[in-house]
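Below: the structure, in structure tokens.
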Amino acid sequence: MAIMNRRRLRLGDLLINQGIITEEQLQKGLELQKQNGGKLGEVLVDNNIVSEETFVKVLGEQLHLEYIDLTNVKIDEKILELVPSNILQKYGMIPFEFAPDRPNVLRVAMLDPLDMEAIDDINIVTNLQVEPVITTRRCLNIVLDKHFGQKEVYSAVSEYEKEKESKLEESEEMYNEDVNNSPIVQLVKAMIEQAVRQRTSDIHIEPMERQVRIRYRIDGALYERMTYSTRLLAAIVARIKIIGGMDISEKRKPQDGRITQVVDRQEYDIRVSILPTVYGEKVVMRLTSKNALTLEKKRLGFNDDELKKFDHILSNPHGILLVTGPTGSGKSTTLYTALSELNKEDVNIITVEDPVEANIDGINQVQVNPKANLTFASALRSILRQDPDIIMIGEIRDGETASIAVQASITGHLVVSTLHTNSAASTVTRLADMGIENYLIADSVVGIIAQRLVRRLCPDCKEEYEAHVDEKEMLGYTEDQPLKLYRPCGCDKCDDTGYKGRIGVYEIMEVTPDVRRAIAHNADAEEIKEVALKDGMKTLRMRAGEYAIEGITSMSEAIRVSFDS
């Protein structure tokens with residue numbers, strides 16, 4: 001944005017006057033700008049001193065220009081056809097509507113609304129007057145990607161296929177050359193960028209008999225996004241192996257790798273898994289934003305009562321906190337958020353993980369490496385000699401790890417870890433099955449959090465309806481009591497899925513004196529659950545039902561996540 005530099009001091013003063021940043025933060029931004037160059041606004045945004053949206057809104061105010069969130073605007077394809085996509089990408093802008101009552105005025109969202117050259121070019125191309133408004137780079141990229149991203153990918157694919165056809169024979173060596181060939185590089189990069197902008201958690205590249213299918217997992221559900229010719233598979237997989245640090249020549253064994261890519265100024269950590277199938281190698285890439293794993297506790301979805309319980313469990317100087325749930329239920333996010341909360345100068349936190357999912361400053365993180373005989377159990381023994389205050393174990397997988405965790409907690413350490421169980425109470429019986437004595441479980445465990453993720457209903461298109469009799473019964477209502485629930489519909493803003501984003505559902509079992517007695521007396525999961533309910537615990541079904549009543553999620557989602565409660 002050319003304007004940022006020109007108006008630097010005034011802009012900084014404006015941010016201070018509005019209470020968005022402090023004098024110290026402005027000075028820090030100016031220092032960083034001196035060291036690294038660039039524009040003040042970009043420096044403040046890149047270093048998380050101010051959010052891009054807040055900064056652009058203030059800039060708009062200063063320039064007396066309207067700010068527009070493009071993700072909430074439906075753009076007519078005819079308007080987009082007025083200007084070639086290469087011009088839009090070159091200048092960072094997008095036309096989105098004609099000005100009301102002025103059909104010869106085209107409203108254009110721009111990153112730099114003072115770029116007269118860009119405005120002149122649009123004037124010439126469209127023969128219309130331009131009314132600039134300001135938007136964020138993130139919004140602009142999402143919209144450009146939505147409308148033009150697919151065309152770019154297909155042009156890269158057709159360019160690659162033309163090159164292939166011009167060669168007389170296909171060989172292994174040729175594929176090895178192809179992986180660094182720009183259309184394939186472009187294709188893999190664009191695939192990851194599109195996935196990020198569509199809030200994808202996993203990309204599936206699946207070889208089939210006649211085509212390669214690409215599916216994105218968005219808010220927990222898989223959606224097919226594109227299909228390619230099987231001739232592209234070898235080059236795509238080879239490119240992913242190269243950037244993921246894997247063996248390009250090995251095609252018969254499963255492989256794991258890791259990629260780091262910056263998308264829209266945010267760093268993403270991508271874990272890659274490659275598995276040989278009958279039609280070729282299947283690739284799954286799990287995308288994690290470095291910032292997304294350490295949220296504020298409130299953003300995890302805890303209500304005030306749950307927040308109080310969570311804080312109370314974390315305030316224990318020693319003991320075990322277990323977070324349980326199936327794969328993809330947000331356990332890592334909860335653990336990392338807890339660790340960030342506990343990460344103070346006067347405590348020594350050590351983690352042992354497989355793999356390390358996000359690097360956190362001030363925490364010592366150990367990566368499990370079975371080849372070097374560095375397992376969870378052997379790493380834990382060494383960690384106990386490192387004077388730790390808090391230990392995080394990525395997952396308790398066996399009796400040996402469980403036993404060391406229990407010993408560590410009893411000898412004065414706070415241990416946080418995960419387990420794959422369905423409910424908080426059944427976690428106790430799982431530990432007993434691993435060979436831990438019940439009196440030791442009662443003595444060491446201070447809290448268990450069972451969690452799931454439910455999809456949030458899209459606020460723009462959710463539809464109200466009167467609950468059915470069986471739905472009322474499940475939620476504890478009588479047949480004649482009125483109850484309004486909401487169902488998904490689908491609109492442009494949620495890609496016609498009816499859902500947008502996810503929120504955590506939690507079953508928090510604090511180990512109170514009564515619960516501790518029940519565990520020590522070998523009570524089964526059902527009896528432990530009954531005691532915990534008397535002490536104020538809410539089950540996953542109860543919490544998911546509350547979300548349905550509040551209109552946060554649908555009844556079908558609430559049933560799905562609490563099916564086994």
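The values are calculated or read from the model by the stated rules, or taken from the named source; none is laboratory data. All values reported here derive from a predicted model rather than from experimental measurement. Note that each Cβ is placed from the backbone with ideal geometry, even for glycine, and that neighbours are counted across all protein chains shown. Quick note on the areas: whole protein, heavy atoms, side chains included, nothing else; ligands and nucleic acids left out. Shrake-Rupley method; radii C 1.70, N 1.55, O 1.52, S 1.80 Å.
Which of A532, P513, A377 sits closest to the plus end of the dipole of the chain, meaning its Cα is farthest towards the positive end, when Lys and Arg get +1 and Asp and Glu get -1 on the C-beta?
Result: A377, furthest along the dipole toward the positive end.
Ranked highest first by average number of other Cβ atoms within 10 Å, how do 203-209, 184-190 line up? It would help to have the intermediate numbers written out before the result.
On the way: 203-209: 17.6, 184-190: 19.4.
Descending mean neighbour count gives 184-190, 203-209.
Using +1 at the Cβ of each Lys and Arg and -1 at the Cβ of each Asp and Glu in the stretch 293-404, identify which of I360, T324, N303 lies farthest towards the dipole's positive end.
T324
Sorting D120, D101 by accessible area (1.4 Å probe), largest first, what list results? Before the final figure, lay out the partial values.
Details: D120 75, D101 150 Å².
The ordering from most to least exposed comes out as D101, D120.
Return the ratio Rg/(2.2 N^0.38 Å) for the stretch 67-124, where Rg is computed over Cα atoms only.
Details: Rg = 11.0 Å, N = 58, 2.2 N^0.38 = 10.3 Å.
Its radius of gyration relative to the 2.2 N^0.38 Å reference: 1.07.
Tell me, what is the FRET efficiency for T126 and S249 to the nearest 0.05, using R0 = 51 angstrom and their Cβ-Cβ distance as r? Walk me through the numbers on the way to the answer.
Numbers: r = 52 Å, r/R0 = 1.03.
Here the calculated transfer efficiency is 0.45.
Report the rotationally averaged projected area of the stretch 352-396 based on its alpha-carbon convex hull, in square nanometres. Each step should come with its number before you reach the end.
On the way: hull surface 13.1 nm².
Mean projected area of the Cα convex hull: 3.3 nm².
Say the dipole of the chain comes from +1 at the beta carbon of Lys and Arg and -1 at that of Asp and Glu; which of V406, N141, L70 then lies farthest toward its positive end?
N141
Using a simple charge model, +1 on the beta-carbon of Lys and Arg, -1 on the beta-carbon of Asp and Glu, nothing else, what dipole does the chain show about its Cα centre, in debye to the nearest 20? Can you show the working numbers first?
On the way: 70 positive and 91 negative charges, 120 e Å.
Dipole magnitude for the chain comes out near 580 debye.
Please report, in debye to the nearest 20, how large the charge dipole of the stretch 444-518 is about its Cα centre when each Lys and Arg carries +1 at its beta carbon and each Asp and Glu carries -1 there. Please list the in-between numbers first.
Working: 12 positive and 15 negative charges, 107 e Å.
Charge dipole, the stretch 444-518, about its Cα centre: 520 debye, nearest 20.
Against the longest alpha carbon principal axis of the chain, how many degrees, from 0 to 90 and to the nearest 10, is the axis of helix 23-36 turned?
Result, in degrees: 60.
With Kirkwood's inverse mean 1/r over C-alpha pairs for Rh, give me the Rg to Rh ratio of the stretch 1-102, two decimals please. Each step should come with its number before you reach the end.
Values: Rg = 16.3 Å, Rh = 15.5 Å.
Rg/Rh for the stretch 1-102 comes to 1.05.
Need one number: % antiparallel among DSSP beta bridges in the chain, to the nearest 5.
Working: 58 of 88 bridges.
Bridges in the chain that DSSP calls antiparallel: roughly 65 percent.
Rg over Rh of the stretch 275-430, using C-alpha atoms and the Kirkwood radius, what does it come to?
On the way: Rg = 16.3 Å, Rh = 16.6 Å.
A ratio of 0.98.
Under 22 Å between C-alpha atoms is the cut-off here; go through the stretch 1-103 and count lysine pairs that meet it, provided they're at least eight residues apart or on different chains. List each step's numbers first, then the result.
Working: K28/K39; K28/K57; K39/K57; K39/K90; K57/K74; K78/K90.
Taking the stretch 1-103 as the scope, the lysine pair count is 6.
Once you have the Kirkwood Rh of the stretch 191-288 from its Cα pairs, apply Stokes-Einstein at 20 °C and 1.002 mPa s and quote D in µm²/s. Spell out each step's value before the answer.
Numbers: Rh = 13.6 Å.
It comes out at roughly 158 µm²/s.
What list of ³J(HN,Hα) couplings, whole Hz, do you get for the stretch 471-486 from phi and the Karplus terms 6.51, -1.76, 1.60, once you set θ to phi - 60° and write x for glycine and proline?
Using θ = phi - 60°, the values come out as 5, 4, 4, 5, 8, x, 9, 7, 4, 8, 7, x, 8, 9, 10, 10 Hz.
Are there cysteines in the chain with no other Cys C-beta under 4.7 Å, and if so, which?
For the chain, the answer is C139, because their Cβ atoms have no other cysteine Cβ under 4.7 Å.
Explain nothing, just the number: dipole magnitude of the stretch 275-394 about its Cα centre with +1 on each Lys and Arg Cβ and -1 on each Asp and Glu Cβ, in debye rounded to the nearest 20. Display every interim value, and only then the final one.
Working: 13 positive and 15 negative charges, 80 e Å.
Dipole magnitude for the stretch 275-394 comes out near 380 debye.
Show me the three semi-axes of the equivalent ellipsoid for the stretch 412-565, from the C-alpha gyration tensor (sqrt of 5 times each eigenvalue), largest first, rounded to whole Å. All intermediate terms of the calculation are to be shown ahead of the outcome.
Values: eigenvalues 254, 64, 23 Å².
The three semi-axes for the stretch 412-565 are 36, 18, 11 Å.
Express the carbon and sulfur contribution to the solvent-accessible surface of the stretch 455-495 as a percent, rounded to the nearest whole number, probe 1.4 angstrom. Please list the in-between numbers first.
On the way: 1100 of 2570 Å².
For the stretch 455-495, the apolar C and S fraction of the accessible surface comes to 43 percent.
Which angle from 0 to 90°, rounded to the nearest 10, does the C-alpha axis of helix 540-550 make with the longest principal axis of the chain?
40
Can you give the angle from 0 to 90° between the axis of helix 8-17 and the longest principal axis of the chain, with both taken from C-alpha atoms, to the nearest 10?
40
Which value in nm describes the separation of the simple spin-label points at H420 and V278, placed 7 Å from the Cα toward the beta carbon?
2.5
Could you derive backbone 3J(HN,Hα) for the stretch 556-561 from the dihedral phi with the Karplus parameters 6.51, -1.76 and 1.60 (θ = phi - 60°), listing whole Hz in sequence and x where the residue is Gly or Pro?
In residue order, the calculated couplings are 5, 5, 4, 5, 4, 7 Hz.
Order 266-274, 74-82 from most to least packed using the mean count of other Cβ atoms within 10 Å. Display every interim value, and only then the final one.
Working: 266-274: 18.1, 74-82: 12.2.
Ranking, from highest mean packing down: 266-274, 74-82.
With volume of the Cα convex hull per residue in Å³ as the read-out, I listed [x] 265; [y] 133; [z] 203; which label goes with the value calculated from this structure?
Among [x] 265; [y] 133; [z] 203, the one calculated here is [z].
Can you give me the relative contact order of the stretch 402-497 as a percent, contacts being Cα pairs under 8 Å and 6 or more apart? The partial results should precede the final answer.
Working: 77 pairs, mean separation 20.8, N = 96.
Dividing the mean separation by the residue count of the stretch 402-497 yields 22 percent.
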